[in-house]
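What follows is one structure encoded as C-alpha cells, with my remarks underneath.
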Amino acid sequence: MSGRDYIARAAALQVVRAAREGGHFFCEQLPPMDVERFLAALGEDAADVAAVSLALVGYGPSDTDLRGRLDVRKLVVGHVTTDLHVAARWRNEPDLHPNIIALATGRHPGVSTLAHFPQGDPRVFARDLLRWARTSQAQLVATAPQAALLQVLAEDAELSPLVSLTGVADFLATWRELKTDDELGAPRRALPRLGILPDRNLLSAANDVADRLLKNFNLTRDIARMPGSGLDKDSPEGESREPRRTTPGGAGARTRRDDSPRRRLRRVRRSRLRGGGRSLQAHFADRRRPRRSRTIRRSRGSATVAR
C-alpha cells in the first residue's frame, strides 16, 4: 500500500463515523488520496451510507465517473458530487440531504455555507489511522512494543507535532514495505517518514517508547535549529536551497558535496533507513576530526581542497 492508499483508509474511517453519527461533516485541505482505495475501504467496512450525500472535491473523478465506480462496487450512496458548490446547495434541502459529508483537497474560502458544518481536522484523521493500524485488519503489528508505538503516536500530546496525515500515511506505507524483509525492525526504520531519526533500540523491552520518541524528536528539532541547517524551511522533496559549493579556481573548478548540517543529517537518515548507519553522535564526531588536504595543480596556480 502507498501513502495515498493509507490516506484513503483514513478518509473512509471518517466517512463511516460521520454516517453513523448523522448530521453534516466537512474537511478541507486534505492531501490527495486513491479514490478506488477509498471506495474499497467503504465496502470492506460495510458502511451504511445510503442516506449520505457525499462530495469528493479535487480528487480527479467527475460526477458520472464517481457514480459509476460506486455502482460497480454496489455501494449505495444517496447523492454524490465533485463540486463543493453543489454540496453547499444541498444544505437548502434538508429532507433530501440529512447527512452531507464533504471532503476536499485545498482551501475553499468562497464556500462559506459549509463553514457552518462540523469541521474535520486532518490531524484527527491521522490519529484515527494510527489507531486503525493497531487492528488485525491493517496486518502491520507483529509485537506488543509495535502496538505500543502506534498507541503512543496516537495519544501522546507532546508528540503531536509528528502526527500529520501525510507523514503518518508515508510512515505506515514504509513500514509495510520494509516489513517483508525485517518484520521486527520495520517501524523503527520507517521513523524518518515522521521527520525523526531511526532508532534501533526504540522497541527494546527495557525502553519507554514515549520517552524515547520524545528524546528523538527533541534531538531532531535541535539539529534543525543549527545555524545553516535549513531543516526548518520548506523546500521541494526536502532538498536544501543552499547552492552547491565549489573549490577555488573559477567556473572550471571541481564541485564538491555540500557539507552543510542539513546535508549531513539527510545522509545519516538515508544510511540508517537502510539499516546500517552509525549513531548520529559518531557521525558528527567523525566530521570534527582534522582533515588532511591535498593540492590540485593547475596551469595558473594551485588550490587546496579538503578530502
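Laboratory data are not the source of any read-out in this text; all were calculated from the coordinates shown. Treat the numbers as computed from the prediction; the structure is a model and nothing was measured. Glycine gets a Cβ as well: all are built from the backbone with ideal geometry, and neighbour counts include every protein chain shown.
Annotations for the structure displayed:
- Scattering profile of region 77-164 at q = 0.13, 0.17 Å⁻¹ [log10 I(q)/I(0), Debye over alpha-carbon scatterers]: -0.63, -0.82
- Among Ile196, Ile7, a tally of other beta-carbon atoms within 10 Å of each Cβ gives an order, fewest to most, of Ile196, Ile7.
- Likely footprinting exposure, Tyr59, Tyr6, fewest C-beta neighbours within 10 Å first: Tyr59, Tyr6
- Calculated diffusion of region 115-154, Stokes-Einstein form, Kirkwood radius summed over Cα pairs, 20 °C and 1.002 mPa s, µm²/s: 192 µm²/s
- Cα-based Rg and Dmax for region 136-182, where Dmax is the largest Cα-Cα distance (Å): 11.2, 32
- Using C-alpha pairs under 8 Å with a sequence gap of at least 6, the mean separation divided by the residue count of region 59-147 gives a relative contact order of 17 percent.
- The ranking of Ser62, Ser164 from fewest to most other beta carbons within 10 Å of each one's beta carbon is Ser62, Ser164.
- Rounded to two decimals, the Cα radius of gyration of region 1-135 over 2.2 N^0.38 Å is 0.96.
- Remark: relative contact order (region 5-57) = 52 percent; criterion is Cα-Cα distance under 8 angstrom and separation of 6 or more residues.
- 15 Å beta-carbon shell around Val111, net charge (K/R +1, D/E -1): +1
- Loop-located trypsin sites (Lys or Arg not before Pro) in region 1-84, at most 16 other Cβ atoms within 10 Å (DSSP): Arg73, Lys74
- Cα-Cα pairs of region 172-211 separated by more than 13 Å (percent): 51 percent
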